[in-house]
1. For peptide B:263-276, what's the mean number of Cβ atoms from other chains within 10 Å of each residue's Cβ?
2. Considering only the other residues whose Cβ falls under 13 Å of the Cβ of A:Gln53, what net charge follows from Lys and Arg at +1 and Asp and Glu at -1?
3. Once you average over the residues of A:574-584, how many Cβ atoms of partner chains fall within 10 Å of each Cβ?
4. In chain A, what percent of the accessible surface is made up of carbon and sulfur (1.4 Å probe, ligands and nucleic acids excluded)?
5. Each residue of the range A:572-586 in turn: what ³J(HN,Hα) in whole Hz from Karplus with 6.51, -1.76, 1.60 and θ = phi - 60°, glycine and Pro shown as x?
6. Skipping prolines and chain starts, which residues have an amide H placed within reach, meaning under 5 Å, of the one on B:Ile183, given they are 5 or more residues away or on another chain?
7. Would you be so kind as to identify which of B:Ala125, B:Ser219, B:Ala302 lies farthest towards the positive end of the dipole of chain B, taking Lys and Arg as +1 and Asp and Glu as -1 on Cβ and the Cα centre as origin?
8. Within the range B:195-293, list the chymotrypsin sites (Phe, Trp or Tyr not before Pro) lying in a DSSP loop whose Cβ has at most 12 other Cβ atoms in a 10 Å radius.
Amino acid sequence: MNPKLRRLLPRLLLVGLILGLALFAPLLTDQDPVKMTISERLQPPSADHYLGQDEYGRDILARLLYGARVSLAVALLAAAAAGVIGVTLGLVGGYFGGIAELFTVRLTDIVLSFPPMLLALLIVTILGPGAETLTLVLTILYTPGYARVAYGETLSARSVEYVEASRALGASPFRILFRTILPNISGPLIVQFSLTVASAILIESGLSFLGLGVVPPDSSWGLMIRAARGYMVYSPLPLLWPCLALTVTVLAVNALCDALRDIYDPKAAREGGLLQAARSLVRFPVAGEARRAEAEPAEDAQVKVSDLRIEFATPHGAFAAVDGVSLAIGRGETVAVVGESGSGKTMIGLSILRLIPGPHGSITAGSIALRTKQGDVLPLEQLDEEALEEVRGRDVAMVFQEPMTSLNPVYPVGEQIAEALRRHHDLNKREALAKAIELLERVGIPDAALRVRDYPHQMSGGMRQRVMIAIALSCTPALVVADEPTTALDVTVQAQILDLFQHLRDEGDSDLGLMFITHNLGVVAEIADRVLVMYCGRIVEEGPVREVFRDPRHPYTRGLLSSIPRVNQATGERAPLTAIPGTVPGPGERPQGCAFAPRCAFAEPRCSVEEPVAHSFAPGRSTRCLRWDELGPAAARDTEREITQEAGQ
Amino acid sequence: MTTSGNAPATTIVEARDLTKRFRASGGGWGRRAQVHAVEQVDITLAPGEVVGLVGESGSGKSTLGRLMLRLIEPTEGRIRFEGEDITDWSQGRLRPLRRRMQIIFQDPYSSLDPRKTVAGLIGEAFAIHKLYSRRERRERTVALLERVGLSADHLERFPHEFSGGQRQRLGIARALAVEPRFIVADEPVSALDVSVQAQIINLMAGLQRDLNLALLFISHDLSVVEYISDRVMVMYLGRIMEEAPARDLYTKPRHPYTEALLSAAPVPEPDVERKRIILEGDLPSPMDPPSGCVFRTRCPYALPACAEAPPPLREVAPGHRTACIRDDVL
């Protein structure tokens, strides 16, 4: 059975049982809930009266069951009525705006501005006490809650693209509201319903307790509690029963609504599938000795990563985001790490600053050796947090993709640079600020002396990225890791930033090592000396940019390069794109053998069995492909045609 | 509604002087601030024509696409669709027309209703327009899925069970369900991985050709636009800077902005040494665009005269129009 249904069923049964008990009260007990026997007041449980008798000698079980009818009917009716009215108001107000919005918002404001008890008193005074009045009071009280939730959710759902898609298809507003928006906001509404029912039962009890609800001698749980309270010192049992009934009912309704919400959320289950995927993952072989190319600039490397493995714990087992990666970045060298989403490229960047998001992620194998400015080599994987704080910023710095979220919005940018400076240098505030202005000038911010007082939101995306770079450069680190630093920027601004990086390298710090993480092969060609191509947590190909682009020796690299649209400049002819079929496997779906084999046009049966190791076939170049030698420049033409045919289908 | 004199076969959709100004929140001090999203744009698409619309963020290209479908109401200007002026039509009157014009979105994650199965997502298009019987709907849905490279096995799945590329295929299938003649594709491959982008471009190019669709392809990626478009329009700060057949525009740009944009795009050819034009500064605020030519504040060739009036688009070669007064430099 579906796990979601399995969760729902017992809860449904429990709530059903409670409703059944109330509904079939006359069948379950032959005692009269209002018949008094004063002589038997406050009797303990007996064979005739299973739960004992109250202060007038009435049967407690009968009063509990009959009382449940009133309590539950009032609560459910009020919660449902308030739900229908409130949700309609919220949907209409949120979707149409204008007068409808004004009406919904103001109406809820008015109701909410009354103290609930006062409102209840007012209505009871006008209409007189009783179950019907109580229902009306509760409906009015709870409508604003629903309206608010529905209004807020509709407001945000209205601008989502799938709602626009429905409009573009010509759907009527009615259809959009009830067929598209309502199902999508049902989660919070179901929660609201469960809270309302629980709260309505409690308020019903409270109002009856005050004498504003159900009129004696009729029974309700609130009335029972009110009456029993007076005698609780002599006889606590009559108080216990209605309280217990109240608690169990409220909890059961909450549990039911939780399960219902999950049922309506298609994303919330399918655990079976994931679990299986995770199991297959655990069997995944650990990458063995990756033989490295000897021509690597290992001697004067700023950073040397060996056999790095980064694992993430998920509810379904561990998976390796990075699996057996070795790399080195030499002094003054720019190395691009290129790959698609899920390739593990960002994790490698973060690991060099030991910033892997914990507690789920961790480095489980391998070493990261970082050369400091003094020339010492630090084993980063062994350092504690305190030592790492010293290293970060001083020896290695990071530039992130989204500068808006990586800068602190409440401080001027100058102060943020100054703070970074003062962490590693003995500078006073004024000196640090002067240095910050100097840095801003260096990263090409005009009027740096003025802009230093700007807050991040006053700057454009390109300017913010320059500030991030200034912060990264503030303590003249030996290595900068830039993770997609131009992806969020426009083409013309991207060109500015790439130009800045080149400029810094050529004229400033010629020793600065740069790790440039990107998915854009054009950027790689512009900026990098060497390129590492990643797929599914491994480096599949490595080499000098020119050589790799001219003569790729891994089918994945080849596929990436040929999936870029190109028009022949001489003839204007458009060759069909040779797309790579399929998609990048998800974290739990990595295939056996070569991870790229299922999408590879060159794959043979052995590729899905045998795990290829990194093969160094020329100085500085290596590939992880069993058939690398067949991938010469000329050999691939025919195969590319095959790929095109496959991808076109 | 008057029907225009020109034969409807030559244009499927046509907009004149299309302008959209949004009211900006928090304008302050008396005058209501306005965002000049689209300013006096003329655009025409012939049946089966692919027009690429290029621009950076904030250029108004997405707004222009939505204006043409009347998903957003224009502030000024007229829109004609298949010869009829639809500018003043009510949304109710437009509803049957929506079968003939569709949109494909950028984000394959937010553009599919997460609570509907694939059958429901694509079936909605039929249900709205009351097309076909129940059985036919199913058959047609399967045919559509196969057309975009998916299969009948996917009918009962929910969007979150698909990868980004597959979701984009679903978005395309939904748009094609009502058999439109005109599609606005708003950055349809920008959110996808490189290796998947090519699949979707191939798919769209094939469908466009086979179904003879008029396609407005909006993108910031110059190489993708060059690959798929017959004609390209370059937009900057709400205005069209240049418009030309794709090849002319890429080989002989006549507007300084186009020239800079082309030279700024990184090209995956490390052996090619290129002269790069780096534009100074950033896009000015669309709330307060520069007077005259909106590009003059970043233009390397700007003259005092550029500040006087927005230069109109002038024809400089057959089908090639540019909004620049400096014929002497390019």
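1. For this peptide, the per-residue mean of nearby foreign Cβ atoms is 6.
2. Charge balance in the 13 Å sphere: -2.
3. Partner-chain Cβ atoms within 10 Å, mean over residues of A:574-584: 6.
4. Values: 17110 of 29010 Å².
Here it works out to 59 percent.
5. Coupling constants for the range A:572-586: x, 7, 10, 6, x, 6, 8, 6, 7, x, x, 10, 4, x, x Hz.
6. B:Gln102, B:Ala214, B:Leu215, B:Leu216
7. Checked the options; the winner is B:Ala125.
8. none
The values are calculated or read from the model by the stated rules, or taken from the named source; none is laboratory data. Just so we're clear, the structure is a prediction, and the values are computed from it rather than from any experiment. Don't worry about glycine lacking a Cβ; one is built from the backbone with ideal geometry, like all the others, and counts go over all protein chains shown. Note: accessible area is taken over every heavy atom of the protein model, side chains too, but ligands, DNA and RNA are not part of it. Shrake-Rupley method; radii C 1.70, N 1.55, O 1.52, S 1.80 Å.
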